[in-house]
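Inspection log for the structure reproduced underneath, given as structure tokens.
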Amino acid sequence: MLRKSNNPTLQALFEADPQRSQKLRLTQGGWELDYAGIPVDQATLDGLNRLARQRGLAVEVQRLLSGEHVNTSEDQPALHMALRAAVANNSAAFRLSEAVVAGRRHFLEVASRLHSGQAGLSDLIHVGIGGSDLGPRLVADALEDDDSAVAVHWLSTLDRRRFKRLCRRLDPARTGLVIASKSFSTEETLVQARAVCDWLGDDWFRRCWAATASTERARAFGLPRQQVLSFPAWTGGRFSLWSSVGVSAAACIGRARFEQLLAGAARADQQFSSDPSANHLGVMLALLMHFLRRELNLNTLGFVSYEPRLALLADYLQQLIMESLGKSTGLDHASVDGPTAPLVFGGRGTDLQHSIFQALHQGSDTHPLVLIGTQSSGSDDELADWSHRQLAHLLAQARAFVHGRRDGRPFQQMPGNRPVATLLTGEITPERLGWLLATFEHAVYSLSVLWGINAFDQWGVEQGKRLAAHIYDQLRDG
């Protein structure tokens, strides 16, 4: 525990320091984190920084970056940051193999041909699930280029009705397919991929690509070698956006913008490497998340986007945080000494205001939030008006969560003192989005160091898969 006394209320902290909102801000990478709405004082922040030093965060960051096998249960490094470092000309963080560089060049060339129309296709179906879907889909939705020659369609869970509706709208002769699966054995992905291939016709393999670390399985599926976009086996699924798994996103937004996304992420990596302390926004996020989870014992965390282009961010962060940190066994194979991953939820800001915010404001439980938005409105007057309305809602909700409501009848009153942070940027650009996603990765890794767990495995998902395969055989055979 960082403090022996009760933590002060947010109202008391603001009354004690009217300049609190100006002091508890951190700006980096084009983003500003305002954490004045988290009930920390200077003594708490000092204690959190001390904890990071005691746990050797700086040393562990260098172990990660140097390629040590930080994924101990699978005896592998976690070098996904190398996949984006090659694009940043000023990055010397990694010495990349020719295979990695060639793999990058290969999938970006495919994406460029799709985006420009040189591939002769009007539509592209991306089949993948988990990390093979959430990251690329988020990027495509946030940065979609209206000039792209192809429209990208996403299939993840087994939904036969959606698959059939999609096929009715598309021309198989002008539709391509990307099969994204690290292992090339994921049931949901392969079942749908086979169905799409059947629909495409006998020459399906001419306009189908596999993004995978299992080249031989993709070849056995029937794909020519030049259609296999390989990436290294040390790339974790939830970090695979930066690999060839991102080919559909790159086809949607264009090669140049995808490279800008990678460069933004690489810049965040450089900052994390040079100063893994509370001066780094990702480390500060980790310290605040630790405080909320371990000190206040709050078991949820919401990410609410008031920027429509980041509507899918909460889904992406849900996997990143819960799959990385949802462990109860530590690196020493003993039980961890406290709670770990919060239950992550979220979505679109004003949608959630009309669904779950009632419980967040007046319910009996406390659910911390991060409200995310943009401050730039651009030159379009109508767009500016809509953007101003979104920002007004974000700022109003942040104030209401902290200060509540004291007037009115008892059922109208709100207690406030609900932890809330805001994360704002001027506008969503490829560089800023790449920076943000990488910085959340840094926050997750920093938390794994504080808690002594492996952020790069996910053994908890395996047992259900094995049981499902056995039950499916029984159901199929009657």
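The values are calculated or read from the model by the stated rules, or taken from the named source; none is laboratory data. For clarity, every value in this text was computed on a predicted model and none was experimentally measured. Ideal geometry is used to build each Cβ from the backbone, glycine not excepted, and the neighbour counts take in all protein chains shown.
When region 230-255 is filtered for residues that are farther than 16 Å from residue 133 by Cα and among the aliphatic types (A, V, I, L, M), only 233 remains. Within region 243-278, the set of residues being in a loop (DSSP other than H, G, I, E, B) and either of a type in the set (A, V, I, L, M, F, W, C) or surrounded by fewer than 24 Cβ atoms within 10 Å (Cβ to Cβ) (or both) comprises 254, 275, 277, 278. When the residues of region 304-338 are narrowed to those that are among the acidic types (Asp, Glu) and not in a helix (DSSP H, G or I), which ends up farthest from residue 291 (Cα to Cα)? This residue is 307.
Okay, residues lined up against (1) in contact (Cβ under 8 Å) with a residue 40 or more places away in the chain; (2) of a type in the set (Val, Ile, Thr); (3) not in a helix (DSSP H, G or I):
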residue	(1), (2), (3)
107	yes, no, no
110	yes, yes, no
113	no, no, no
126	yes, no, yes
135	yes, no, no
140	yes, no, no
146	no, no, yes
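Looking at region 209-217, can you tell me whether even one residue there is in a helix (DSSP H, G or I) and surrounded by fewer than 17 Cβ atoms within 10 Å (Cβ to Cβ)? Scanning region 209-217, I find at least one residue that is in a helix (DSSP H, G or I) and surrounded by fewer than 17 Cβ atoms within 10 Å (Cβ to Cβ), so the answer is yes. The set of residues from region 220-237 being surrounded by fewer than 20 Cβ atoms within 10 Å (Cβ to Cβ), farther than 17 Å from residue 193 by Cα and of a type in the set (Gly, Ala, Ser) comprises just one member, 233. The selection criterion, being touching a residue at least 12 places away in the same chain (Cβ under 8 Å) and part of a loop (DSSP other than H, G, I, E, B), holds for residue 341. Could you grab me the full set of residues in region 146-162 that are surrounded by fewer than 10 Cβ atoms within 10 Å (Cβ to Cβ) and β-branched (Val, Ile, Thr)? Of everything in region 146-162, just one residue is surrounded by fewer than 10 Cβ atoms within 10 Å (Cβ to Cβ) and β-branched (Val, Ile, Thr), namely 157. Of all residues in region 279-286, none are of a type in the set (S, T, N, Q), buried (at least 20 other Cβ atoms within 10 Å of the Cβ), out of contact with any Ser or Thr (no Cβ under 6 Å at 6 or more places or on another chain) and within 28 Å of residue 342 (Cα to Cα). Restricting the first member to region 389-417 and to residues that are at positive phi, and the second to residues that are surrounded by fewer than 13 Cβ atoms within 10 Å (Cβ to Cβ) and modelled with pLDDT under 95, no beta-carbon pair is closer than 7 Å while six or more apart or on different chains. Of the residues that make up region 80-91, is at least one in the same structural domain as residue 180 (by TED's automatic domain parsing), at pLDDT 95 or above and surrounded by fewer than 21 Cβ atoms within 10 Å (Cβ to Cβ)? Within region 80-91 (the criterion being in the same structural domain as residue 180 (by TED's automatic domain parsing), at pLDDT 95 or above and surrounded by fewer than 21 Cβ atoms within 10 Å (Cβ to Cβ)), the answer is no, since none of the residues qualifies. Quick check on residue 193: is it surrounded by 14 or more Cβ atoms within 10 Å (Cβ to Cβ) and either under 25 Å from residue 260 (Cβ atoms) or of a type in the set (Val, Ile, Thr) (or both)? No, not satisfied. In region 452-465, the residues that are closer than 16 Å to residue 286 by Cβ reach residues that are surrounded by fewer than 12 Cβ atoms within 10 Å (Cβ to Cβ) with C-beta atoms within less than 8 angstrom, at least six apart or across chains, in these pairs: 452/332; 452/337. Residues that are exposed (fewer than 13 other Cβ atoms within 10 Å of the Cβ) and either assigned by TED's automatic domain parsing to the domain that holds residue 309 or not hydrophobic (A, V, I, L, M, F, W, C) (or both) number at least 3 in the following helices (runs of 4 or more DSSP H) confined to region 377-478: 381-403, 462-476.
Taking region 355-369, which residues are free of Cβ contacts under 8 Å to residues at least 60 places away in the same chain, in a loop (DSSP other than H, G, I, E, B) and within 25 Å of the chain's Cα centre (by Cα)? Within region 355-369, 355, 356 meet the criteria. Within region 333-367, being over 23 Å from residue 308 (Cβ atoms) and surrounded by 19 or more Cβ atoms within 10 Å (Cβ to Cβ) holds for 340, 341, 342.
What about residue 48, is it surrounded by 13 or more Cβ atoms within 10 Å (Cβ to Cβ), modelled with pLDDT of 95 or more, assigned to a helix (DSSP H, G or I) and under 26 Å from the mean Cα position of the chain (by Cα)? Yes; evaluated as a whole, the condition is true for this residue.
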